[in-house]
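**Q** The structure that follows is given in the form of structure tokens.
The values are calculated or read from the model by the stated rules, or taken from the named source; none is laboratory data. The structure presented is a predicted model; accordingly, all values stated were derived computationally and were not measured. With ideal geometry, Cβ positions are generated from the backbone for all residues, glycine too; neighbour counts draw on all protein chains shown.
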Amino acid sequence: MSFRDRFLALAIVLVWGVNFVVIKVGLQGMPPMLLAGLRFAFVVFPAIFFIKHPQVPIKWLAAYGLTINFLQFSLLFWALKVGMAAGLASLLLQAQAFITLAFGVLLLKEKIRVHNVIAVTVAGAGIYLLAAAQGHDSTSLTLFTLVLILGAAAFWALGNIVNKVIMQTYPVPTMSLIVWSALVPMVSFFISSYVIEGPALIAESLVNIKWHNVFSIAYLSLLATILGYGGWSYLLSRYETSMVAPLSLLVPVFGLLSAWILLGESLSLYQIIGVVVIAVGLVINVFGKNWFGHRRQIATTIIDK
């Protein structure tokens, strides 16, 4: 991965890490389905008038919009609404990295190398330490919320695979895919909001909208979606999922740090250790191919001699 692409990946996971704090702020005074619908509405408009429709079959465009946008965020917002702590959600959602690797092997016949296994194992241990530190509040994690958040992770992972198939089979501009596919979650969220949250609550929320709601919508639409998923789609189109997916394990690191800085939440010793362990795992995943390849080359040279 080039230096430029590594910098892009770092920027994306930073934006996504802070994303959970922004969602928490945005949900103050606004119901979740409406907030999500407005998020994707501002992804679609006015950009859709200036960006050409992607030459992708409707079924793939709909599959992308449903999996990585509507279904993932429906379950995530639902889990947050019924009591899951935002920090814990940011941690458990990263199970998508492991699920994406599995989907890559099963559906795309990709290979997992030794350093990928080591990296995911090390980073997974770091996620476990972070989750263990967060899990002292038993009310924040129930079987129901765990199923919701793991379901969200699975749909994110499936969306990664759909994205890779689209970009490899129908190489379209990334922004075209992001903007036009956002029509699917926009309509789906607005219908869900009308049915579940009701027109009275929708009207009240829009009439009494606050600056923090506006900021949240702008951040979620422009940074988390257009920059985040646009850049993520670009990375997936250039590199194997085994290289890209584990980078998202930095999201809970930035999530915890942003909560500490912006919300005053402190980091425990377990969390600090977890952050360091995840960083080690990511270093192995990014540079491990060169390390293991170099060792294999040395071993082959010794055997030949």
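**Q** Based on this model, can you work out whether M186 counts as under 22 Å from the mean Cα position of the chain (by Cα) and either more than 25 Å from I51 (Cα to Cα) or at pLDDT 95 or above (or both)?
**A** Numbers: under 22 Å from the mean Cα position of the chain (by Cα): yes; either more than 25 Å from I51 (Cα to Cα) or at pLDDT 95 or above (or both): yes.
Judged against the criteria, M186 is a match.
**Q** May I ask you to verify whether V56 is in a loop (DSSP other than H, G, I, E, B), buried (at least 19 other Cβ atoms within 10 Å of the Cβ) and either modelled with pLDDT of 90 or more or out of contact with any Ser or Thr (no Cβ under 6 Å at 6 or more places or on another chain) (or both)?
**A** On the way: in a loop (DSSP other than H, G, I, E, B): yes; buried (at least 19 other Cβ atoms within 10 Å of the Cβ): yes; either modelled with pLDDT of 90 or more or out of contact with any Ser or Thr (no Cβ under 6 Å at 6 or more places or on another chain) (or both): yes.
Here the answer is yes, as V56 does meet what is asked.
**Q** Can you spot a residue in segment 231-241 that is among the charged types (D, E, K, R), at pLDDT 85 or above and more than 20 Å from A153 (Cβ to Cβ)? Write out each step before concluding.
**A** Let us first name the residues in segment 231-241 that are among the charged types (D, E, K, R), namely 238, 240.
Restricting the remaining residues to those that are at pLDDT 85 or above gives none.
No - not one qualifying residue is present in segment 231-241.
**Q** Every residue in segment 231-261 that is of a type in the set (F, W, Y) and farther than 20 Å from I178 by Cα, please.
**A** So in segment 231-261, the residues of a type in the set (F, W, Y) come out as 232, 234, 239, 254, 260.
Of everything in segment 231-261, those that are of a type in the set (F, W, Y) and farther than 20 Å from I178 by Cα turn out to be F254, W260.
**Q** Would you confirm whether or not segment 35-48 contains a residue that is among the aliphatic types (A, V, I, L, M), in a helix (DSSP H, G or I), within 18 Å of the chain's Cα centre (by Cα) and at pLDDT below 85?
**A** The first filter runs over segment 35-48 and keeps only residues among the aliphatic types (A, V, I, L, M), leaving 35-36, 38, 41, 43-44, 47-48.
Filter again for in a helix (DSSP H, G or I), leaving 35-36, 38, 41, 43-44, 47-48.
Retained after the next criterion (residues that are within 18 Å of the chain's Cα centre (by Cα)): 35-36, 43.
From what's left, at pLDDT below 85: none.
No, the conditions are met nowhere in segment 35-48.
**Q** Separate question: Do any helices (runs of 4 or more DSSP H) entirely within segment 173-239 hold 1 or more residues that are in contact (Cβ under 8 Å) with a residue 12 or more places away in the chain and under 20 Å from N19 (Cβ atoms), and if so, which? Don't jump to the end; show me each part of the working.
**A** Details: elements: 174-181, 183-192, 199-207, 211-218, 230-238.
So the answer is 174-181, 183-192, 211-218, 230-238.
**Q** Are there helices (runs of 4 or more DSSP H) fully within segment 69-170 with at least 1 residues that are modelled with pLDDT of 85 or more? List them.
**A** Passing ranges, in order: 72-81, 96-108, 114-134, 143-169.
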